[in-house]
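What follows is a short report on a single structure.
The values are calculated or read from the model by the stated rules, or taken from the named source; none is laboratory data. Quantities reported herein were computed from a predicted structural model and do not represent experimental measurements. Cβ atoms come from the backbone with ideal geometry, glycine included; neighbour counts cover every protein chain shown.
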């Protein structure tokens, strides 16, 4: 991401020095109180603050408050994130909550940590106003005797799921929902059925499961019937007509070393009636082995009897193999020079594992595409730079590049969430501006503070036109007839900065022989050169195209001299 530039000699000050200037002062409020105060000054007077400026100032204050209030995660954070990811994939109507206790340890309230996309529609509150709030503030009926708070305290104490009646929005004329409450580690999950949405979202839910390599399942303990979603059969490598595999049969389908783990998983569900979590190696019918993460919970009927078990399987083989490769490589590091060499090689391998080539040949759209990724040189294993180039079912080509703020596992997690999210959203047929708008809400609401820049484009081979939008990203470079230049920028700010952001869209018509460059700032940024001048150097270098897209990419990567130790991603698109 581009750093702040200091003013040169004789340049005007960045903020006003006197009192006759515009000024804004905002409190930095958090769940624990006021974390500080943010003061912003302008160099001149302003006629007033427009609604857009007020919205941006409020979003900036919220980002600063969250940064000041950041706390280190616990050992269970990764498992809780996994559970939250499964809840998000399986239901639109859920809450993930933390207990609020008094000095004696008694549960006196619940705090909303995560919510499903359908909760704002049901409650009438925006997601922003619900996150971090105490449940009793949203719905005072929560604390009534025998209500969700009493039931939640019992579920936390016993680990047994239960149900409670609850008017979620809190109004007397609102419908009463039957809420299922289950413990997930030290938190609680509230889920409920919303029949109005189930039919409409069924097909989309199936698609989300495929993209996330998640398969849902349910086993009726009374009839013994096992129900699988269609992606579950694909995950196990079985045809849709095959019989579904129940918990009793599951140990026979895993590696011998993991059968004890699966038996403990089954016992916790069937005998102890508690939510369970397990990871094991699945041996499929073709003898291939996949690393599977499983999460499940008991389902009780109106009398409180456990009537069924439901859960999900997720194929996490790629992530598991990357972690194993990382651990194995770290064990072999002997000295500083060898460590630097191995880390650079590992960064490339992990990036390639996370960002595999497109399954469909993009050459079908008369495009020649080359991609180059260069990891940071400061010892960081992986960063948040990402790209995508894939032919969609409607024969249009999705072209994207993005840059997550930061490095390390947090950046990789955010990068994977946004890249896979964009792929899934693109199936809907939405345009680039709408896709970025939806992706911004994913970053804001569901990724725990991910901020990113991105360019999203849809190329139509029949018209040779590229519709594209940007979120705070550097402009693409178009090379035509030996002359290179920056494309005019449509408006759009960072992903994850504020909810419900609106992005502008531009259309560029390409000609035979044109080359288009999408890149992250690591390609051009230099500590000793302003960004505008660095971009002009890239334009001069791109004005001398060399051979095909692969050769041209090597020419550009070798000719740039960025020195900020930032990751670099370059996507070269040549229309043949």
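Taking the stated definitions as given, is residue 293 touching a helix residue (DSSP H, G or I) at 6+ places or on another chain (Cβ under 7 Å), surrounded by fewer than 17 Cβ atoms within 10 Å (Cβ to Cβ) and in contact (Cβ under 8 Å) with a residue 24 or more places away in the chain? So residue 293 does not fit the description; no. Is one or more of the residues making up segment 511-518 modelled with pLDDT of 90 or more and under 30 Å from residue 448 (Cβ atoms)? Within segment 511-518, one or more residues are modelled with pLDDT of 90 or more and under 30 Å from residue 448 (Cβ atoms). Taking the criterion of being outside any helix (DSSP H, G or I) and touching a strand residue (DSSP E or B) at 6+ places or on another chain (Cβ under 6 Å), the only residue of segment 523-544 that qualifies is 543. Among the listed residues 114, 135, 110, 131, identify the single one that is surrounded by 20 or more Cβ atoms within 10 Å (Cβ to Cβ), touching a strand residue (DSSP E or B) at 6+ places or on another chain (Cβ under 7 Å), at pLDDT 80 or above and farther than 28 Å from residue 269 by Cα. Just a single option satisfies the conditions, and that option is 135.
Condition check ((1) outside any strand (DSSP E or B); (2) modelled with pLDDT under 75; (3) under 30 Å from residue 310 (Cβ atoms)) across all residues:
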| site | (1), (2), (3) |
| --- | --- |
| 24 | no, no, no |
| 34 | no, yes, no |
| 39 | no, no, no |
| 49 | yes, no, no |
| 57 | yes, no, no |
| 72 | yes, yes, no |
| 83 | yes, yes, yes |
| 92 | yes, yes, yes |
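Is it true that some residue in segment 145-157 is buried (at least 17 other Cβ atoms within 10 Å of the Cβ) and at pLDDT below 75? Checked against the condition, which is being buried (at least 17 other Cβ atoms within 10 Å of the Cβ) and at pLDDT below 75, segment 145-157 yields no hits at all. Applying the criterion of at least 1 residues that are free of Cβ contacts under 8 Å to residues at least 60 places away in the same chain to the strands (runs of 3 or more DSSP E) found wholly in segment 367-459 leaves 383-391, 397-407. Here residue 272 qualifies as more than 19 Å from residue 232 (Cβ to Cβ), in a loop (DSSP other than H, G, I, E, B) and modelled with pLDDT of 85 or more. The lone criterion from (1) exposed (fewer than 11 other Cβ atoms within 10 Å of the Cβ); (2) modelled with pLDDT of 80 or more left unmet by residue 334 is number (2).
Does residue 501 meet the test of being under 28 Å from the mean Cα position of the chain (by Cα), in the same structural domain as residue 457 (by TED's automatic domain parsing), surrounded by 13 or more Cβ atoms within 10 Å (Cβ to Cβ) and over 22 Å from residue 535 (Cβ atoms)? When the stated conditions are applied, residue 501 passes them. Looking only at segment 95-108, count how many residues are farther than 15 Å from residue 183 by Cα and either touching a residue at least 24 places away in the same chain (Cβ under 8 Å) or part of a strand (DSSP E or B) (or both). Qualifying residue count for the region: 3. As a summary of the residue check, residue 307 satisfies the conditions (1) modelled with pLDDT under 85; (2) outside any loop (DSSP other than H, G, I, E, B); (3) under 33 Å from the mean Cα position of the chain (by Cα) except for the one numbered (3).
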